[in-house]
Amino acid sequence: MDPLWLLIALILGFASQQLRLPPLVGFLCAGFALHALGIEGGDALQKFADLGVTLLLFTIGLKLRLRNLLAPEVWGTASAHMVLLIVIITGLLLIPGLIGIAWLGSMDWQAAAVVAFALSFSSTVFAVKILEDRGEMKARHGQIAIGILIIQDIIAVVFLTLATDKSPTLWAIALLGLPFLRPLLNHFMERSGHGEVLVLFGMFMAIGGGELFELVGMKADLGALIIGIMLSGQRKSGELSRALLSFKDLFLIGFFLSIGINALPTMSDILIAVALVLFVLPLKTALFFLILARFRLRVRTAYLSTASLANYSEFGLIVAAVGAGAGWIDQQWVMIIAIALSFSFVIGSIVNARAHSLYASIESYLHRFETEEPPANYVKPDLGDAEIIVVGMGRVGSGAYLAMRGHYGDKVCGIDADSDKVASHQKSGHQVILGDAENIDFWHDVDISKVRLIMLAMPSLKDMQQAVKFLKDADYKGRIAAVAKYDDDRIKLEEAGVHASFNFYAEAGAGFAEHVSQQLDGKESNISVKS
């Protein structure tokens, strides 16, 4: 990658971060800036971007729970939303022709349907980036959004296969034997250690899996996703995903740069793209929310899932390009959708950065759309007699829970938004319940009047700041403690209202020394240290 690309991406990404916007807004703007400077992306940037998308889909597969795709709120929403939106947008695109607007008036219903189909997709890249930045990939709303996106991606792959007349070869049948290789691949993953060999294994599986599918006439992206699914649910699946995280984020910069660097819009392109963002995107967003709410989801879950899906998609752009190549739509639509995609990313980044605070401000209005029946799979949270709560049952939170439980017994309760993690703890006899601390409704539903201490061990600083705010709103009178990765995070947490914070990087050594001292105390009292 050209150093100039990296420099401009760095400057604008840094500027976005200082403005408290996601860096991807800066990367998108960097693409437009590079284009304004007369710089073209070329094959190198496209390969960089493609590798980022390949790694993204592979890591999605590593985390994917196939049963989530079978949930009615996932496949039902994905299919109903796509059908309804295509019908609505097709009708809207035909209206200008009826009133005599020349350029759009040349569209027939087939061309309008292809454009509508392209606009019905939401961006997997964008949604995953937003959810990972907030640490919400495994939250219920994150799993629903990802499930909907996977179904959309599968539909896109089927369309592209049919539209390009590129049928899978007979060798594609051999791919049905891939599941039989799963034990062998898992064995290699288990024996790959924790360093560069594990990273190399992941890179090979993602890229090699994609190339394997390409060889038999299928999409490489689908191959990366399926290989990731094959390796999911194993002891080291999560570690492999984390090991690839920085590589994936780096290569995805190429994807965001490529969105803007290839654009050469006319004024009419920009005006139509703005209209798609101002009028069609809100319609698309509202339709997602209304359909999800009808599936008896809690209104907050429907809202946050919708926020992740409120954008246009890179797959939609590919669909438009294929449609233009086949002569179904005017080539100009590819540029229009590319611009609308960029605008939707910028607006979506700003909205999602404030998604939780926005929900708190419009919560009472959104509750009007909640069904009268109890939300699907909802169980009212019960802390029992707990006086100490640990929020976030990852490695740090689980360790804190076990340590506090050793001192206070059943007076300690854990909370996590990941249903699989909760089930695992409950199977081990731990008092852990399902709940989302970033959900203001959760703190309204749960009785915290007897709780004396809440320990926050959540993955994101913003999540913990939001949880502290909600605890204050719920009139919590006890103490709050939190973990932090960096000293400046500790300062921000204490400013938000945390009474005690713990930097687990800086203080891990002290904890290690104390733990070893306790283990050795009384057992090897004759240990001496020679100077």
Residues of the range 421-461 being at pLDDT below 80, in a helix (DSSP H, G or I) and closer than 21 Å to A353 by Cα, in sequence order, are I440, D441
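Matching residues to (1) within 12 Å of K219 (Cβ to Cβ); (2) touching a residue at least 12 places away in the same chain (Cβ under 8 Å); (3) buried (at least 17 other Cβ atoms within 10 Å of the Cβ); (4) of a type in the set (S, T, Y):
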| site | (1), (2), (3), (4) |
| --- | --- |
| L160 | yes, yes, yes, no |
| P179 | no, yes, no, no |
| L184 | no, no, no, no |
| R191 | no, no, no, no |
S122 passes all but one of the listed conditions (1) over 21 Å from L69 (Cβ atoms); (2) of a type in the set (G, A, S); (3) in a loop (DSSP other than H, G, I, E, B); the exception is number (1)
Reported set for the range 405-420 where residues are among the aliphatic types (A, V, I, L, M) and at pLDDT below 90 is A417
Of the candidates A376, A340, the one satisfying the condition of being among the hydrophobic types (A, V, I, L, M, F, W, C), closer than 30 Å to F126 by Cα and modelled with pLDDT under 85 is A376
Within the range 386-402, the residues that are among the aliphatic types (A, V, I, L, M) and either surrounded by 21 or more Cβ atoms within 10 Å (Cβ to Cβ) or outside the structural domain of L434 (by TED's automatic domain parsing) (or both) are A386, I388, I389, V390, V391, M393, A400
Among the residues of the range 270-312, the number that are of a type in the set (G, A, S) and either touching a His at 6+ places or on another chain (Cβ under 9 Å) or without any contact (Cβ under 8 Å) to a residue 40 or more places away in the chain (or both) is 6
Looking across the range 209-236 at residues that are surrounded by fewer than 20 Cβ atoms within 10 Å (Cβ to Cβ), assigned to a helix (DSSP H, G or I) and not hydrophobic (A, V, I, L, M, F, W, C), the single one that is modelled with the highest pLDDT is E211
The condition of being among the small types (G, A, S) and closer than 18 Å to V74 by Cα holds, among A340, A320, A353, A302, only for A302
Conditions (1) surrounded by fewer than 19 Cβ atoms within 10 Å (Cβ to Cβ); (2) over 17 Å from E132 (Cα atoms) -> L250 fails only (2)
Residue pairs within 8 Å by beta carbon, gap of at least six or interchain, first lying in the range 398-413 and over 9 Å from H430 (Cβ atoms), second acidic (D, E) and modelled with pLDDT under 90, listed first then second, are D410/D385; K411/D385
Note on L297: of the conditions (1) in a helix (DSSP H, G or I); (2) aliphatic (A, V, I, L, M); (3) under 28 Å from P72 (Cα atoms), unmet is (1)
For the range 16-43, the count of residues that are in a helix (DSSP H, G or I) and surrounded by 15 or more Cβ atoms within 10 Å (Cβ to Cβ) equals 14
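The values are calculated or read from the model by the stated rules, or taken from the named source; none is laboratory data. Predicted, not measured: the structure shown is a model, and the values here were computed from it. Quick reminder, even Gly has a Cβ in these numbers, built from the backbone with ideal geometry, and neighbours come from all protein chains shown.
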